[in-house]
1. Note the listed values (1) 173; (2) 236; (3) 292, then indicate which one is volume of the Cα convex hull per residue in Å³ calculated from this particular structure.
2. Name the trypsin sites (Lys or Arg not before Pro) in region 365-474 that are in a loop by DSSP and that have at most 15 other C-beta atoms within 10 Å, would you?
3. In degrees, nearest 10, range 0 to 90: what is the angle between the Cα axis of helix 74-83 and the longest Cα principal axis of the chain?
4. State which entries of Lys271/Lys303; Lys500/Lys551; Lys303/Lys485 exceed 27 angstrom in Cα-Cα distance in the structure shown.
5. Can you tell me the orientation of helix 463-473 relative to the chain, as the angle in degrees between its alpha-carbon axis and the longest Cα principal axis, to the nearest 10?
6. Please give the calculated 222 nm ellipticity per residue for the chain, where each DSSP H segment of at least 4 residues contributes -39500 (n - 2.57) and the sum is spread over every residue; nearest 500 deg cm²/dmol?
7. For region 238-335, which chymotrypsin sites (Phe, Trp or Tyr not before Pro) are in a loop by DSSP, counting at most 10 other Cβ atoms within 10 Å?
8. Using 0.36 nm times the number of residues separating Ser334 and Lys233, minus their current alpha carbon distance, what extension gain do you get?
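What follows is calculated from the coordinates using simple rules that are stated; it is not laboratory data. Quick caveat: nothing in here was measured; it's all calculated off a predicted structure. Every residue, glycine as well, gets a Cβ built from its backbone with ideal geometry; the counts of neighbours run over all protein chains shown.
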Amino acid sequence: MGDGVVVGMIDVGIDFNHINFKDDYGNNRICAVYMPEDTTGTSPVIDGDTLPGSCYEEAAQIAALTSDGSNDSHGTHTTGTAAGSFSANGLHGVAPHARIVACSIPNEYLTDINIANSIKYIVDYADRCGMPLVINMSLGSSDGPHDGTSLLCRIVDEVSGPGRICVLSASNSGHRNHVLDHTFSSLTDTIYTCFGNYSGHEGGWIPGSVSLWSVGANEHFIGITAVSKSSGKILHTWTHDDMTMGKDSVYVLNGAVSKSFSQYFTEGELKLASTIESCNGHFHSYIEVNLRPVDNDIALGFKLSSLPGTRLTGWGDTDVVFTRNGHSYMTRGSSVMSISDLVTGDSAISVGAYCSRMTMPLADGTYLSNSRAVLNDIAYFSSYGPDVRGIARPDVVAPGYSLVSSVSRYDSTTMLVNAWRAPGIIENDVEYPYGSQYGTSMSAPVVTGAIALWLQANPHLGPADVRKVFEASSIRDAYVTGSNKSRWGSGKLDVSAGLKYLINTPVADTKTSKIKVDLANSGLVMKILDIPQSGAVIYVCDMSGRIVIEKTLPCGSCDVDMSDIASGCYLLHLVAGNEVFNKKIIIQ
């Protein structure tokens, strides 16, 4: 399913010729590849603009590709979940007939510009094919205003609309106290907090970054503190006056700048930059830290203040938390508003994760149990909102702890680490590996595949329509309606119920071809007329999405026998080259 729909994947570590992306005839269903950092192919030209990197759209070109890198399988896994088609091991994706466009970017080049150009390429490809599209971005960022105004949020809003959907993962920080949210009540109102690491780091180093935003143009004032963990005493405070201005208006604090700094931190430095951001006119500070304290009792801290009425929001990066170290006068971070900045645009479909399985199959025939999971409950890491504007996030949740899917043959880390390896597939003496992964990165492509099926039923669905489907069809069990209900969005994705809702909801039949369909004898015979020279493929699906008829049609006209189908409502989907025809039919 997913015929006539483009599934765009923007990710890292895609094995372009994995068996999971081949159809029943051995043809690769990845029909186009764009790599913004590749220089060995032809650069795409869109609306007169030449994008950086290379695109590959011929089967022979794609067959010659390997992957974008040798240290990741993330994109192979997510693409397999959304649209993988190898079914002999029971691990195919949600939309195994969709047309895949893979945009693969190595981790070190995963920039906003490269992601934006990948979105542009996928949209252009779908437009050239005349197909609806759904783009999966299992990506996240804690840096950003979380109000929908950052670059990628605005780009997602610009490209989204009828037949264009962007799906993004909620992020995996729902278990970390890495968020600050405080409105200052007076000139003396001050926040004190300590910079901590969730997982800890070797040698006592303190690495990480913090992004602080005033909700408005009012400046917030930052003091860098050395704090005794045991007593809670602030041993020293450094301000802008104690720092030196480096290049690009970045303030630097280290032992060379401040002799007092060396009393508490023996190595490393802290960098601080502040500005009024053009995206929303808000005051923003970014702090980058890589320090080594003199002993385990020293913590890095922040002293924060602003004008009365100013709301300050802040997020630590991947492994940062804000902690009290046991002292009540300090402020501890929260996991509320842990949602990724990228999902806070009006049109982004945001996806959280829940646990749908307790064991994972391993390559040696045994199973690995989930140690931190509760079956059918929210995944402990699944991030949630609201965003700064107060809009609830995510929109829906889907299985994401843990999922088994394809992994890259070229990923040396996956090949060497067997703890999560699942049984692979060997064909023509080539082993195609599979493995388990978890995260909202895994739940997002489940939703992407579901939306591909729904776009097949109604190619004009927009983001608001998709949210209506979630509201009408998602599962709301005792977990969803329990104490953590703010983390679930509309509830647990139900792909079949969503498709059933669309089939039963009055929408105009879509006709982008001259093909005619007539039903005779109470729908027992379907006459297909004016089939083009290239022929066509017809699918008839029941209300659960199951294909009950699949037939290749010659040019001209053809009769399709419907007499073996039970009475009821069905969806007819006909694909002829780049043309599609959708119609609801009733068999009496």
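1. (1)
2. Within region 365-474, the qualifying trypsin sites (Lys or Arg not before Pro) (loop, at most 15 other Cβ atoms within 10 Å) are Arg372, Arg389.
3. Tilt of helix 74-83: around 30 degrees.
4. Lys303/Lys485
5. Value to nearest ten degrees: 80.
6. The helix contribution divided over the chain gives -4500 deg cm²/dmol.
7. When the chymotrypsin sites (Phe, Trp or Tyr not before Pro) of region 238-335 are filtered for loop state and at most 10 Cβ neighbours within 10 Å, Tyr329 remain.
8. Contour length minus the Cα-Cα distance gives 34.1 nm.
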